[in-house]
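The block underneath contains the structure these notes are about, expressed in structure tokens.
The values are calculated or read from the model by the stated rules, or taken from the named source; none is laboratory data. Remember, predicted model here, so these are calculated numbers, not experimental data. All Cβ positions, even for glycine, are placed from backbone atoms using ideal geometry, and neighbour counts span all protein chains on display.
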Amino acid sequence: MADITLHRNNNYQKTVIPNYFIDAYMVHASGEYVKIYLYLLRCMNDPAMSFSISDTADKFDHTEKDVIRALKYWEKMHLLRLEFDAKGDLTGICFLDALNAPVPETPYQMQPENPARKEAVKENAGAGQNAPENTFPPHKSYSAAELRRLKEEADIQELLFVAEHYIGHTLNATEMNAILYWKETLNFSGDLIDYLIESCVTKNHKSVHYMEKIALSWAKAGITTVTAAKEQASSHSSLFYAIRKAFGIQGRDFVPYEKDYINSWQNDYGFDTEIIAAACERTIRRIHQVSFEYADTILKNWKKHNVHSMKDVQALDALHQERARETSIQAESSAKKNRFNDFPQRSYNTSQLEKELLNYGIN
């Protein structure tokens, strides 16, 4: 795809936004927080404009607490300093130099965990069969000075050079921070990081956030070599193909939430391709539409009943059919008893019957 040139045809007043804010902060923050920050910049760059919590809340249809929450967020990110008087009233907002601020955490420390994954981990822990989900230390916040120092080390310098070659641009602070996290915290070798970046870029995924998701999944699976990563990729590709075939999905890739389910079925539930595909096929037979939620219900039930192979699935099916047959027999037996009891009970007067019979015979 060709590069897109950005240009303007006017000389309107401008609000300058530091590139560092866009690269390292905007991508992680809530959209509402970004709006407030940009509006602050707008107000600061125009002496004719004034800023107040109440006016800002009205402008963006927020509550005053929403605006204050946004300001405190940017203070926590070290981009603002809020100034208060002796009464605790906000009297000033000072913009700080972003280049001297710590690099913010990536979204993986900020986003809530996938519900399906949480439920699976909870169930497995309750059953006492699997260890709790792996947790990893948060990103270290490298200062600009630390990043410059690390870039002078030969192995780091080579690693970043190769990454820039694949990604196609000079790495920003967030990208460097992520790569250092894979090396220093996840203990990935340089070769494994090279393969991670290369394989993602080959699939047109140049986002470091996408790469990090893969890196964390590898770390959880205990993948430490390129060979193991390639084997896992081959297995994953086969699984995706089997699920597409079972669901009848054509002409599109899986969306993120669907991939979360698939990863949970494989990594948290521990099911192989055959069992996962079987659950997807049953979903189509039962509700006649693609539903990862319904397939997850089936797999969760199989996990609860200690299913490990298709033989276990067949045994569970046979048990279910036997119980259904017994329930049907019991219901039929109960219905027969009720038929006899449903007739209204009559009381007879013997003397009266004799008289009616005698009269019948005479007439």
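Structure values in brief
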{"item": "Single residue of Y257, Y241 found to be surrounded by fewer than 16 Cβ atoms within 10 Å (Cβ to Cβ) and closer than 23 Å to E198 by Cβ", "result": "Y241"}
{"item": "Helices (runs of 4 or more DSSP H) wholly inside the stretch 1-89 that include at least 2 residues being of a type in the set (S, T, Y) and either at pLDDT 80 or above or within 28 Å of A178 (Cα to Cα) (or both)", "result": "31-44, 53-59"}
{"item": "Scan of the stretch 175-202 for residues that are buried (at least 21 other Cβ atoms within 10 Å of the Cβ) and hydroxyl-bearing (S, T, Y), ordered by number", "result": "Y181"}
{"item": "Some residue of the stretch 274-285 being closer than 27 Å to A219 by Cβ and among the polar types (S, T, N, Q)", "result": "no"}
{"item": "Test: residue in the stretch 121-135 that is in contact with a Pro (Cβ under 8 Å, 6 or more places away or on another chain) and at pLDDT 50 or above", "result": "no"}
{"item": "Residues that are of a type in the set (F, W, Y) and farther than 30 Å from Y142 by Cα, drawn from the stretch 44-78", "result": "F51, F60"}
{"item": "Options A144, A154; residue that is small (G, A, S), farther than 27 Å from A29 by Cβ and over 28 Å from the mean Cα position of the chain (by Cα)", "result": "A154"}
{"item": "Flag for A215 being more than 19 Å from N19 (Cα to Cα), surrounded by fewer than 19 Cβ atoms within 10 Å (Cβ to Cβ) and hydrophobic (A, V, I, L, M, F, W, C)", "result": "no"}
{"item": "Qualifying residue in the stretch 184-191 (condition: closer than 19 Å to D23 by Cα and either among the β-branched types (V, I, T) or more than 23 Å from the chain's Cα centre (by Cα) (or both))", "result": "no"}
{"item": "Some residue of the stretch 187-196 being within 22 Å of H169 (Cα to Cα) and of a type in the set (D, E)", "result": "yes"}
{"item": "Long-range neighbours under 7 Å by Cβ, at least six apart or interchain, first residue of a type outside the set (F, W, Y) within the stretch 278-294, second not in a helix (DSSP H, G or I)", "result": "T283/S291; I284/G248; V290/I249"}
